[in-house]
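Here the structure comes first, spelled out in structure tokens, and everything after it is commentary.
The values are calculated or read from the model by the stated rules, or taken from the named source; none is laboratory data. Note that this is a predicted model, so its numbers are computed, not measured. Every residue, glycine as well, gets a Cβ built from its backbone with ideal geometry; the counts of neighbours run over all protein chains shown. Ligands, DNA and RNA are excluded from the accessible area calculation, which covers all protein heavy atoms including side chains. Shrake-Rupley method; radii C 1.70, N 1.55, O 1.52, S 1.80 Å.
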Amino acid sequence: MAVLGGPLLALMPVGIYLQSRGWRIYRRIGDYSIGVSTFFWQLAQPGLNFPGPSVLEAVIDRQPGELQAAIVVHRLRLRAFRRAFLWYLGYAALFLLAASIGRKLFS
């Protein structure tokens, strides 16, 4: 199981960092009427909106260019993190499948 713990321990600080960056962006925008869950959902999934227009995109358009650039970079990092986490889950599933097959074959 230590084989599965190493990559997870490597991903945890990255996830904590990205979450803290998301909270910083939330505080810098300062429009708390959006709601926390709606904000983080629309921040992570810019093209996937609730019924109706994206409230967050309209708020982001009114922000300074520096903050807009920080949001673009944050979204790219989130996308890379999600891909890395999915690769980890696939790796873990294959490892556990191989371990269970190996136990059945050699028991």
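Overview of values
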quantity: Sparse-neighbour loop sites [trypsin sites (Lys or Arg not before Pro); the stretch 1-96; at most 15 other C-beta within 10 Å; DSSP]; calculated: R62
quantity: Linear extension gain, L76 paired with S54, 0.36 nm per residue minus alpha-carbon span; calculated: 6.0 nm
quantity: Full-extension gain in nm, D61 to Y88, via 0.36 nm per residue minus C-alpha separation; calculated: 6.2 nm
quantity: Qualifying chymotrypsin sites (Phe, Trp or Tyr not before Pro) for the stretch 1-52 [loop in DSSP, other Cβ within 10 Å: at most 16]; calculated: Y32
quantity: Mean accessible surface per residue for the chain, computed with a 1.4 Å probe while every protein chain stays in place, in Å²; calculated: 68 Å²
quantity: Expected 222 nm ellipticity per residue - DSSP helices of 4 or more, -39500 (n - 2.57), all of the chain, to 500; calculated: -27500 deg cm²/dmol
quantity: From the coordinates shown, P(r) over Cα pairs in 5 Å bins from 0, in percent corresponds to which of [x] 2, 16, 27, 23, 14, 10, 5, 2, 0; [y] 2, 10, 18, 17, 13, 10, 9, 7, 6, 4, 2, 1, 0; [z] 2, 12, 13, 10, 8, 6, 5, 6, 7, 8, 8, 7, 4, 2, 2, 1, 0; calculated: [y]
quantity: Length released on extending from S100 to V36, taking residue separation times 0.36 nm less the Cα-Cα span; calculated: 18.9 nm
quantity: The chain - percent of accessible surface contributed by carbon and sulfur, probe 1.4 Å; calculated: 69 percent
